[in-house]
Amino acid sequence: MLQSLKSRKLALIAGVSLTLAAAATLSASPANAQDTIKIGFSQSLTGFLAPNGKQALLGMEIWADQVNKAGGLLGKKVELKYYDDKSQASEVPGIYTKLLDVDKVDLVVSGYASNQIAPAMPVVIRKGKTFVSLFGLDINDKFKYGKYFAIIPTGQDTKGSFTQGYFNAAMKQSPKPQTIALTYADAEFSQNACDGARNTAKKLGLKIVYDKAYPPPPKTTDFAPIVRAVKAESPDLVMICSYPLDSIGMVLAAHEVGLTPKMMGGAMVGLQATVFKDKLKGKLNGIVNYETWVPDKKQMYDGTEAFFKDYQAKAGAAGVDPLGYYLGGWGFAQMQVLEAGVKGSKSLDDNKIADFLKKSTIKTVMGPIKFGNKGEWAEDRMMTVQYHGITDAANLDTWRGMSYQTVIDPPNLATGKLIYPYDKAMTK
């Protein structure tokens, strides 16, 4: 749930007072600042969100380099100015206040993740800025801000989209599952995703036998008690809505405890990142989880292959995810959307940029984007994949392709069928 007004005010005060010693890193250092367009944002470069935040940043920096080599925007060089929010929501309001009041940036975008986007919204709204966000789930539901645009392929049913494919696959099985357990982190994204899953389960007539939140890491480090409590209810389906560290903890605990429902997974952030796939390897087998993009031929758009070739060539030196499939491409696409708004409106005026984005379909390396209600996508393009056939020998070449994962939903992007039940998929 979004923080109360009181909480946001406290976060703003805390944020304003923090020492911004980690100075902004610039993608370009033009001699004459008047000849630049400054774009400001916070990004999680340390802390538990850093593996994803850093790959998004590299995508954004590649965009800035390409734009500047092509002559910039409106005849001016672009400059990225950002601060590390340390994966802490309380840091975010102060960062955006500084960017807008002290650094005097021309435009702002969000960093990665719901927990970081929500606390930026009051500052952005007060300043009347267009805000292109990166992977925020249903952030604008309560704000209803007219200049908000979400880069996340959830469509209009934002909360339900992360887990709809999971349910679609489950309910095609015979006999159909009857019961479900819901476990989720007490955090912005996971609460929203679980709200969607809960609503879908009720519509399908599934009996919810477990429905509890847990404090996210570092408050929770041992997930075995949670998994044992879930196992005690013998659910057919286990739905987990989690952030990276708890996703890993849940998978490891499930293997430790011997949790083998008919299906397990759902909205688990982190499993898409190469570093976590390397950590879990064969323990991923059988899990059914959301995805936003995979390197299948159906999802190669104009510039996609060229972008990932560029990203992967730079990833080693940048110390980021070597493939960039989860956030690298989306960080680039986020900036492509802002670029389209500036070029299309021929202006840095936030109202004109927003008006252009509302009526346009934007071409990006991650596919075409058209915005609908509340700034979410007009059409859902979320996917559900199942992991299988992964051995201890899995390496970067494995994760680079599609041999270990099958897209099972939606039908137009499917690459195969669900292996069911879970214990069968664990051995294939």
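Worth pointing out:
- Region 50-74 - residue that is of a type in the set (A, V, I, L, M) and closer than 11 Å to GLY328 by Cβ and, of those, surrounded by the most Cβ atoms within 10 Å (Cβ to Cβ): ALA56
- When LYS358, LYS346, LYS281, LYS277 are screened for being over 16 Å from THR154 (Cβ atoms), in contact with an Asp or Glu (Cβ under 6 Å, 6 or more places away or on another chain), touching a residue at least 12 places away in the same chain (Cβ under 8 Å) and among the basic types (Lys, Arg), only LYS281 passes.
- Any chance ILE139 is assigned by TED's automatic domain parsing to the domain that holds LYS359 and either buried (at least 24 other Cβ atoms within 10 Å of the Cβ) or within 24 Å of MET263 (Cα to Cα) (or both): yes
- Qualifying residue in region 168-181 (condition: surrounded by 24 or more Cβ atoms within 10 Å (Cβ to Cβ), over 26 Å from THR220 (Cβ atoms) and either under 21 Å from the mean Cα position of the chain (by Cα) or among the hydroxyl-bearing types (Ser, Thr, Tyr) (or both)): no
- One residue from GLY329, GLY341, GLY316 being touching a Gly at 6+ places or on another chain (Cβ under 9 Å), of a type outside the set (Phe, Trp, Tyr) and part of a helix (DSSP H, G or I): GLY329
- Hits in region 396-428 - residues which are surrounded by 12 or more Cβ atoms within 10 Å (Cβ to Cβ), touching a residue at least 12 places away in the same chain (Cβ under 8 Å) and of a type in the set (S, T, N, Q): SER403, GLN405, THR406, THR415
- When residues in region 389-426 are screened for being part of a loop (DSSP other than H, G, I, E, B), farther than 28 Å from GLU379 by Cβ and among the aliphatic types (A, V, I, L, M), 5 of them pass.
- Index of the failed condition, THR415 passing every other in (1) in the same structural domain as VAL124 (by TED's automatic domain parsing); (2) touching an Asp or Glu at 6+ places or on another chain (Cβ under 8 Å): (1)
The values are calculated or read from the model by the stated rules, or taken from the named source; none is laboratory data. This structure is a prediction, so every number in the text was calculated from the model and none was measured. Neighbour counts are summed over all protein chains in view; Cβ atoms, including those assigned to glycine, are modelled from backbone coordinates with ideal geometry.
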